[in-house]
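Notes to accompany the following structure.
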Amino acid sequence: MRHAILRSTDGLPHRWAGGTLWRRLGRAVQFSLVGTILLLGGATTEAQTVAALPDAQALQAGPPARPVAAWTAFCARLPSECTVDPGEPAVITLTPRIRDLLSRVTRRVNARIKPITDLAHWGVVDRWDYPDDGFGDCEDYQLLKRRMLVERGLPRRALRMTVVIDEIGEGHAVLMVRTDRGDLILDNKTNAVLSGPRTGYTFIKREGQDGLAWVTLEGGASPVATANR
């Protein structure tokens, strides 16, 4: 306000400083309003995007099931990878950010790992392990995806290793992501994140969420191994 009453050397009021101040204040108010509108618009867009996310069918779990032998051996080597923490949420809230994270991790792992059978890789029919050497088969892809998602803040308890019968009638492993919008499937055969029915697979069993025992899905007969690349 002090600048608004300055006078020039000719005795007339010097309004330039005051005018500049008011113009600057006007722009500041304008920018503030624009920022508020953008913020509210962003929140609205976020809500609309979440609402637009498709619901996925939640696959109903049945009685306890025995895991494949290779999973049991994996847990013996790395018990912390198989421990269930009941303090973690069993499902996650699906948001656009989470949905994008699932897609990015899937694409990254699928591009990074080269497919190879366990027999060629390890000399055994079925072995579950991390593909740290850059090679692996179906379950190895999914184990790596799960590890990466856990490192990015998702609860392991909501990320369940799952056994299915694939489109050619062979045992296959996928990663089930349990969300409040249903179960989503991460696979190495596609970069798409799909609901269970859209995969075309027959779901057999998955890790349990309350202990080491697995649970049946859709009552299918369990394959002996998941040696499909």
### Message
Can you go through W128, W122 and tell me which one is over 22 Å from R198 (Cβ atoms), crowded, with 23+ Cβ neighbours inside 10 Å and among the aromatic types (F, W, Y)?
### Response
W128
### Message
Restricting to region 177-212, and then to whatever is part of a loop (DSSP other than H, G, I, E, B) and hydroxyl-bearing (S, T, Y), can you tell me which residue is surrounded by the fewest Cβ atoms within 10 Å (Cβ to Cβ)?
### Response
T190
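Any read-out appearing in this document is the output of simple, stated calculations on the displayed coordinates, not a laboratory observation. Keep in mind the model is a prediction, meaning the values are calculated, not measured. Neighbour counts are summed over all protein chains in view; Cβ atoms, including those assigned to glycine, are modelled from backbone coordinates with ideal geometry.
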